[in-house]
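Step one of this worksheet: look at the structure below.
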Amino acid sequence: MLRTHTCGELRIDDAEKEVTLTGWVQKQRDKGGIVYVDLRDRYGITQLIFEEGVTDPDLIEKAKSVGREFVLRASGQVVERYSKNDKIPTGDIEIRVSSLDVLNASKTPPFTIEEETDGGEDLRLQYRYLDIRREVVREKLELRHLMMQKVREYLTGDKFIEVETPYLIKSTPEGARDFVVPSRMNEGEFYALPQSPQTFKQLLMVAGLDRYYQIVKCFRDEDLRADRQPEFTQIDCEMAFVEREDVLNTFEGMTKFLYKEIKGLELGDFHRMSYHEAIEKYGSDKPDLRFGLEFVELNDLVQGKGFVVFDSSELVVGINVEGCADYSRKQLDELTDFVKKPQIGAKGLVYVKCNEDGTFKSSVDKFFDQEALQSWAAKANAKPGDLILILAGEKDQTRKALNELRLEMGERLGLRDKSKVAPLWVLDFPLLEWDEDTQRYHAMHHPFTSPNPEDIDKLDSDPGNVRANAYDLVINGVEAGGGSIRIHDRGLQSKMFEVLGFTKEEAEEQFGFLLGAFEYGAPPHGGIAFGFDRMCAMMAGEESIRDFIAFPKNNSGRDMMIDSPSRISVEQLAELGIDLNQKTKS
Ligand code: ASP
């Protein structure tokens, strides 16, 4: 090694030692008579000192000539500092340098390599290798590494084996578009990059591997939403001879293990809720359970009293916000503007203030008397001092809008506390979702998910009401993972494809390999996949996944550093048999 120690490890006990350090110049200060250089590596920062009368004058000149991010190798003696720095672990010592090599110079970096940087997102991504030198980014990658080790430790300890599945495959329908890769050797044919290893992991169960996992890249060509990456990482898992309960217990165990090992937190048993309950109580299939603000349906109390807005609404539903009866006109207007934003889409907001003196003041006083308002308050469990916020309209839309308002109030009241962890299993999702555009059913999870056994006979008569044997793990309102018990019977799988509108030929062409495998002793099986990047962000209490990925893409799906996607040469295209003008010609 070019060094004897790292920049993070020397302490007062090392005083007098002769050491050699290597690293980057964080900062150089010329104090006239004394030059200080802060030398940084992955492990920390150590101060180098060059002092007139002590240090060789040539060395002092050399130290003066180095700039930010120069790469140095410095040898010298560890000495106790005159003025200590209690903000860094090496702050009691400094190195009195006796020899200095400049291993490499550096241009002035385009942004400051400090905790708070002046670099904008795209600039940081373009020079990601400099961005990663920042402790805040590096720490996130270290956390990711630790998470990987802990996931492997837990699953390996539970008899799972890690198996790699191919990246050049054919399309798996998980609801997004595939990224495709042209095949040179099979002109006109394409591979697809996996949206997930779903069919492969099922085939590994048919193959008798019993318990599989993989920390694996998945690729989805989706329209980019904030904080989505076209390639992302899953902890992908599958188990044979299991029922739903076994999968939930195994992965509740894994999640608890991760929080314990990484955060030192003991999580209690996870909450469980059906999809329907989640929608009715929170207007979302991923409710944030760090706080209450449960929905209260008011139709039976408010309709038929002559207020046309309520009378013409499919659903009138509210939340009781504790202690907010003193909201000002301005605050209530803000909330009204919030729910009327196009992305939220409510037409207006009705409020009821439950005054401290037991009276009520509402925005619909013209239509409802004190007794009526009193009955709403009773239903909403509102006490004097509380504020009831009510939305009305079409059922699904109104619930969605109230979900947004609930989250907004949670935010305003500081109820989305980063230090709290509220895990929840959401169960019994609908198997199918009606799609107005294509006028047919889509699998809500994916086509390999087993219907709830009790609902199988409804597949023909009432497909919209068939429940799936599927589950999601939601933590603090974010979907951490999801999975299902699978179909393992050829007949039922064919039936499922039929319900989804595949012809026999289409099903055979796309999934013949899986249907065929089901004829050779497929065991009952089920599994789950977790969004690994997101789990890392959650563990750190961060919202953005971007910095938990070493080289992420920006919001337009571009890699700013290598500048990709990019055009390829005419020769490459020709070799692949791709004619970019084809479309205009035909
Ligand atoms: N393949 C599914 C997904 O990517 C997860 C699963 O069903 O195991 O969401």
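Would you confirm whether or not the range 507-520 contains a residue that is part of a loop (DSSP other than H, G, I, E, B) and either in contact with a Ser or Thr (Cβ under 7 Å, 6 or more places away or on another chain) or within 16 Å of the ligand (Cβ to nearest atom) (or both)?
Applying the first criterion (part of a loop (DSSP other than H, G, I, E, B)) to the range 507-520 yields 518-520.
Checking which are either in contact with a Ser or Thr (Cβ under 7 Å, 6 or more places away or on another chain) or within 16 Å of the ligand (Cβ to nearest atom) (or both) leaves us with none.
Within the range 507-520, not a single residue is part of a loop (DSSP other than H, G, I, E, B) and either in contact with a Ser or Thr (Cβ under 7 Å, 6 or more places away or on another chain) or within 16 Å of the ligand (Cβ to nearest atom) (or both).
Looking across the range 431-461, the residues that are more than 16 Å from the ligand (Cβ to nearest atom) and either part of a loop (DSSP other than H, G, I, E, B) or of a type in the set (Lys, Arg) (or both) come down to Glu436, Asp437, Thr438, Gln439, Arg440, Ile456, Asp457, Lys458. Of all residues in the range 171-191, those that are more than 14 Å from the ligand (Cβ to nearest atom) and either hydroxyl-bearing (Ser, Thr, Tyr) or within 22 Å of Cys237 (Cβ to Cβ) (or both) total 2. Being in a strand (DSSP E or B), loosely packed, with under 15 Cβ neighbours inside 10 Å and in contact with a strand residue (DSSP E or B) (Cβ under 7 Å, 6 or more places away or on another chain) is the filter here, so list the residues in the range 8-33 that pass it. Residues satisfying the conditions are Glu18, Lys27, Arg29. Hey, could you check the range 152-182 for residues that are touching a helix residue (DSSP H, G or I) at 6+ places or on another chain (Cβ under 8 Å) and hydroxyl-bearing (Ser, Thr, Tyr) and say which is surrounded by the fewest Cβ atoms within 10 Å (Cβ to Cβ)? Only one residue tops the list, namely Ser171. With respect to the conditions (1) surrounded by fewer than 17 Cβ atoms within 10 Å (Cβ to Cβ); (2) within 32 Å of the chain's Cα centre (by Cα), Ser65 falls short on a single one, namely (2).
Evaluation of Arg220 against the conditions (1) modelled with pLDDT under 95; (2) surrounded by fewer than 19 Cβ atoms within 10 Å (Cβ to Cβ) shows that the sole unmet condition is (2).
Being surrounded by fewer than 17 Cβ atoms within 10 Å (Cβ to Cβ) and closer than 30 Å to Trp425 by Cβ is the requirement here; does Glu294 meet it? Answer is yes for this residue.
The condition of being under 16 Å from the mean Cα position of the chain (by Cα), of a type in the set (D, E, K, R) and surrounded by fewer than 17 Cβ atoms within 10 Å (Cβ to Cβ) holds for only one of Glu575, Glu543, Glu571, that being Glu543.
Taking the range 283-317 as the region of interest, how many residues are free of Cβ contacts under 8 Å to residues at least 24 places away in the same chain and polar (S, T, N, Q)?
Restricting attention to the range 283-317, the residues satisfying the condition of being free of Cβ contacts under 8 Å to residues at least 24 places away in the same chain are 292, 297, 299-300, 303-304, 308, 311-312.
Next cut, polar (S, T, N, Q) only: 299, 303, 312.
Number satisfying all stated conditions: 3.
Kindly establish whether Leu373 is assigned to a helix (DSSP H, G or I), within 16 Å of Leu298 (Cα to Cα) and touching an Asp or Glu at 6+ places or on another chain (Cβ under 9 Å). Spelling it out, Leu373 is indeed assigned to a helix (DSSP H, G or I), within 16 Å of Leu298 (Cα to Cα) and touching an Asp or Glu at 6+ places or on another chain (Cβ under 9 Å). The number of residues in the range 380-412 being more than 19 Å from Phe307 (Cα to Cα) and part of a helix (DSSP H, G or I) comes to 16. Scanning for something in contact with a Phe, Trp or Tyr (Cβ under 6 Å, 6 or more places away or on another chain) and hydroxyl-bearing (Ser, Thr, Tyr), does the range 101-115 turn up at least one residue? Yes, the range 101-115 contains a residue that is in contact with a Phe, Trp or Tyr (Cβ under 6 Å, 6 or more places away or on another chain) and hydroxyl-bearing (Ser, Thr, Tyr). Cβ-Cβ distances below 7 Å connect the following pairs, each with a first residue in the range 353-365 that is free of Cβ contacts under 8 Å to residues at least 24 places away in the same chain, a second residue that is among the polar types (S, T, N, Q) and not in a loop (DSSP other than H, G, I, E, B), and a separation of six or more residues or different chains: Thr359/Gln370; Phe360/Gln370; Phe360/Gln374. Of everything in the range 483-496, what is crowded, with 20+ Cβ neighbours inside 10 Å and either within 14 Å of the ligand (Cβ to nearest atom) or not polar (S, T, N, Q) (or both)? Give them in sequence order. Selection gives Gly483, Ser484, Ile485, Arg486, Ile487, His488, Met496.
Is it the case, given these coordinates, that Val308 is modelled with pLDDT of 95 or more and surrounded by 13 or more Cβ atoms within 10 Å (Cβ to Cβ)? Judged against the criteria, Val308 is not a match.
Quick one: is Gly464 part of a helix (DSSP H, G or I), more than 16 Å from the ligand (Cβ to nearest atom) and either more than 18 Å from Ala529 (Cα to Cα) or touching a strand residue (DSSP E or B) at 6+ places or on another chain (Cβ under 6 Å) (or both)? Break it down into steps so the answer makes sense when it comes.
Numbers: part of a helix (DSSP H, G or I): yes; more than 16 Å from the ligand (Cβ to nearest atom): yes; either more than 18 Å from Ala529 (Cα to Cα) or touching a strand residue (DSSP E or B) at 6+ places or on another chain (Cβ under 6 Å) (or both): yes.
So Gly464 passes the test.
Among the helices (runs of 4 or more DSSP H) confined to the range 118-200, the ones with at least 2 residues that are of a type in the set (Asp, Glu) are located at 121-126, 135-157. Checking Leu265, Leu258 one by one, the residue that is hydrophobic (A, V, I, L, M, F, W, C), more than 16 Å from the ligand (Cβ to nearest atom) and surrounded by fewer than 17 Cβ atoms within 10 Å (Cβ to Cβ) is Leu265 and no other. Inspect all residues belonging to the range 71-84 and state whether any of them is loosely packed, with under 14 Cβ neighbours inside 10 Å, under 18 Å from Gln47 (Cβ atoms) and not charged (D, E, K, R). Within the range 71-84, one or more residues are loosely packed, with under 14 Cβ neighbours inside 10 Å, under 18 Å from Gln47 (Cβ atoms) and not charged (D, E, K, R).
Within 30 Å of Ala470 (Cα to Cα) and among the charged types (D, E, K, R): does that describe Asp285?
Numbers: within 30 Å of Ala470 (Cα to Cα): yes; among the charged types (D, E, K, R): yes.
When the stated conditions are applied, Asp285 passes them.
Going residue by residue through the range 129-137, is there one that turns out to be buried (at least 18 other Cβ atoms within 10 Å of the Cβ), in contact with a strand residue (DSSP E or B) (Cβ under 7 Å, 6 or more places away or on another chain), modelled with pLDDT of 95 or more and not charged (D, E, K, R)? For the range 129-137, residues buried (at least 18 other Cβ atoms within 10 Å of the Cβ), in contact with a strand residue (DSSP E or B) (Cβ under 7 Å, 6 or more places away or on another chain), modelled with pLDDT of 95 or more and not charged (D, E, K, R): absent. In the range 259-282, the residues that are within 27 Å of Leu146 (Cβ to Cβ) reach residues that are charged (D, E, K, R) and surrounded by 14 or more Cβ atoms within 10 Å (Cβ to Cβ) with C-beta atoms within less than 7 angstrom, at least six apart or across chains, in these pairs: Glu261/Lys150; Ile262/Lys150; Leu267/Lys256; Phe270/Glu252.
The values are calculated or read from the model by the stated rules, or taken from the named source; none is laboratory data. As the structure is a prediction and not an experimental result, all values here were calculated from the model. Glycine also receives a Cβ, built like all others from the backbone with ideal geometry; neighbour counts cover every protein chain displayed.
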